Amino acid sequence: MWSRVPSEARMICANSASMTTEISWGRTLGGVAQGRRTLSQLAARWGLRAYPSVANFVWMDMGRPAEAVAQALLRLGVIVRPGPPGATWIRVSVGTPEEVAKFAEALEAVLKDAG
């Protein structure tokens, strides 16, 4: 069936698909950048350090054993990756705005409990 479509039409379809992918990719990258900014702002609000990143995650220095923070967050349904044994930083992946909000709420509860 596709072979019956004139080559000009196929090129238009391919170009349109390419542009759609480019726009979608741009939105994704923009969302990740916004998520990193949001996570960095949350860290600053709580007096924590967030290390600069160009990836889809942010390292946050918790100032306390990362494994304990990661376990406390896990009990609240939030998964983060702690640094190596003895580290004080956690890796927080950029998620949807709802996931970032859930992380913010859970981390605030963990920090208040640690007091």
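None of the figures in this text is laboratory data; all of them are computed from the coordinates on show. What you see is a predicted model; the values in this text were computed from it and never measured. Note that we place each Cβ from the backbone using ideal geometry, even for glycine, and neighbour counts take in every protein chain shown.
Results, tabulated for the structure shown:
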| item | result |
| --- | --- |
| Summed residue charge, Cβ within 12 Å of Val110's Cβ, Lys/Arg positive, Asp/Glu negative | 0 |
| Sites Ala87 and Asn56 - FRET efficiency at Förster radius 30 Å, r taken between beta-carbons, to 0.05 | 0.90 |
| Full-stretch length increase - Thr96, Glu67 - with 0.36 nm per residue and alpha-carbon distance subtracted | 8.0 nm |
| Cβ-placed point charges (K, R +1; D, E -1), dipole of segment 35-114 about Cα centre in debye, nearest 20 | 180 debye |
| Extension reserve of the Glu108-Arg45 stretch, reckoned as 0.36 nm per residue once the Cα distance is removed | 21.7 nm |
